[in-house]
Amino acid sequence: MPSLFDPCTVGALQLANRVVMAPLTRNRSPGAVPGPHAALHYSQRASAGLLITEATAISHQGQGYADVPGLYAPEQLAGWRVVTDAVHAAGGRIVTQLWHVGRVSHTELQPNGGAPVAPSAISAMTKTVLIRDGVASFVETSMPRALALAELPGIVADYVRAATAAVTKAGFDGVEIHGANGYLLDQFLKTGSNQRDDAYGGAVPHRARFMLEVAAAVVAAVGGNRVGIRLSPVTLANDRFDADTQALYEHVLRGLAPLGLAYVHVIEGATGGARELPDRPFNYDAARSAYRSAGGRGAWMVNNGYDRALADHALANGADLVAFGKAYIANPDLVRRLRLNAELNPPDRSTFYGGGAPGYTDYPTLDETAAVKA
Ligand SMILES: Cc1cc2nc3c(=O)[nH]c(=O)nc-3n(C[C@H](O)[C@H](O)[C@H](O)COP(=O)(O)O)c2cc1C
């Protein structure tokens with residue numbers, strides 16, 4: 001049975017261990033360009049087997065929050081290059097999370113102040129963050145418009161362009177397709193947000209089509225061994241709902257299996273919340289079996305509420321990698337702390353979203369804490 005600290009081959013990547021930094025949006029990228037502290041933030045955490053960046057917009061249309069980074073303009077790619085160089089110099093591996101928010105956006109964030117786009121014109125019933133005159137505020141997301149069939153190939157092309165630029169220009173080791181948490185690809189999957197009556201709505205294979213087309217196109221562009229995908233079968237995020245989640249995800253995973261992905265990343269339960277939802281049961285072992293029995297050989301990455309003991313248990317039961325979110329915000333040397341069973345710094349929620357260095361690059365390592373105490 002592998003330990004959390006054993007190396008792991010994940011597609012084209014050789015990881016030093018099985019500890020992964022989960023994607024964490026921090027709203028510190030004015031103009032959608034990774035900010036000056038990002039290289040330090042990520043390189044401080046380079047002892048993780050793999051770093052996944054915060055969700056990063058593939059296009060202006062894919063933007064849904066203030067001050068989140070993008071992958072669609074030269075200055076954004078140049079900003080990321082500084083980050084990936086710093087991570088590589090520190091011996092780390094880093095992939096970027098490809099993001100299109102779909103309906104979770106606001107007209108102020110969209111090109112020409114237009115409506116956000118979605119499978120169907122159904123509100124996300126959620127809030128986003130805008131920064132007006134330097135002050136951040138939570139506002140209701142805008143009513144989306146339904147995408148026309150003819151617009152879908154353009155969005156697939158945006159994914160391909162962003163993935164290609166991420167690998168060839170920004171220096172990333174690969175990409176993670178954000179298929180989770182109620183954003184565009186998840187919106188297509190679920191009955192609550194997709195009521196289309198064309199080839200992209202209705203029966204399970206129709207609702208899964210867009211995600212599978214995006215995944216196949218990104219794989220064709222950069223190679224499956226550099227592509228992962230994140231899924232959240234039962235998350236409550238962004239008003240997602242589906243009538244028959246198990247059948248849906250087993251279909252999706254069987255569809256992903258032949259693509260030769262580096263990894264599949266599954267959020268178990270409500271993102272950042274309960275791991276078990278009594279009214280939304282889901283059998284993760286059956287989902288993994290569906291993937292494996294269809295020939296899927298990517299690493300199986302799990303996330304949500306993991307600590308050392310739960311991670312050891314997951315690895316003993318078929319997971320290959322464990323992603324840690326909030327623990328990574330507050331513990332740049334998380335691998336070492338997990339190895340020593342050392343105490344973890346608690347994360348400060350007040351600095352999660354927006355701001356500068358405080359709560360971003362100033363969490364102490366074990367050695368720094370010891371030096372202060374000595
Ligand atoms: C501040 C913050 C930002 C997050 N940003 C993202 C994101 O950009 N993309 C994503 O897929 N999940 C995001 N998440 C969810 C985390 O990746 C992770 O799934 C969640 O925190 C549960 O893992 P944990 O219990 O280890 O924290 C975010 C969570 C937090 C707390």
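The values are calculated or read from the model by the stated rules, or taken from the named source; none is laboratory data. No experiment lies behind these values; they were computed from the predicted model shown. Ideal geometry is used to build each Cβ from the backbone, glycine not excepted, and the neighbour counts take in all protein chains shown. The protein model used for the area step is the full one, side chains on, heavy atoms only, and it has no ligands, DNA or RNA in it. Shrake-Rupley method; radii C 1.70, N 1.55, O 1.52, S 1.80 Å.
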Contact order relative to length for the chain, counting C-alpha pairs under 8 Å separated by 6 or more residues, stands in percent at 17
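Assuming R0 = 25 Å, can you tell me the calculated FRET efficiency for the pair Asp285 and Asp244, based on Cβ-Cβ distance, to the nearest 0.05?
Values: r = 18 Å, r/R0 = 0.72.
Efficiency computed from Cβ-Cβ geometry: 0.90.
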Simple spin-label estimate for Gln14/Arg132, 7 Å along Cα→Cβ, in nm, reads 5.4
Contour minus Cα-Cα span, His313 to Ser3, at 0.36 nm per residue, comes to 110.6 nm
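Counting alpha carbon pairs within less than 8 Å and at least 6 residues apart, what relative contact order, in whole percent, applies to region 39-163?
Numbers: 230 pairs, mean separation 33.0, N = 125.
Contact order relative to length: 26 percent.
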Taking only protein heavy atoms and a 1.4 Å probe, the highest-to-lowest accessible-area order of Glu176, Glu140 is Glu140, Glu176
Hydrophobic long helices for the chain, i.e. whole DSSP H runs reaching 20 angstrom or more by Cα along the axis with Kyte-Doolittle mean at least -1.0, come out as 74-89, 152-168, 204-222
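Keeping all protein chains in place, calculate the accessible area per residue for region 177-305 (probe 1.4 angstrom), answer in Å².
Working: 4450 Å² over 129 residues.
In whole numbers, region 177-305 has 34 Å² accessible per residue.
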Partner aspartates and glutamates whose C-alpha sits under 17 Å from that of Lys373, ignoring same-chain residues fewer than 8 away, are Glu343, Asp362
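How much of the accessible area of the chain, in percent, comes from carbon and sulfur atoms when a 1.4 Å probe is used? Display every interim value, and only then the final one.
Values: 7860 of 14220 Å².
Taking all protein chains in place, the chain shows 55 percent carbon and sulfur surface.
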Hits in region 154-185: amide N under 17 Å from the 7 Å Cα→Cβ extension of Ala199, namely 154-157
Once both label points are put 7 Å beyond Cα along the C-beta direction, the Leu40-Ala371 separation in nm becomes 1.4
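Within 10 Å, count the other beta carbons around each residue, average over each peptide in 310-319, 83-92, 48-57, and list them highest first.
Working: 310-319: 16.4, 83-92: 18.0, 48-57: 26.8.
Sorting 310-319, 83-92, 48-57 by mean packing, highest first, produces 48-57, 83-92, 310-319.
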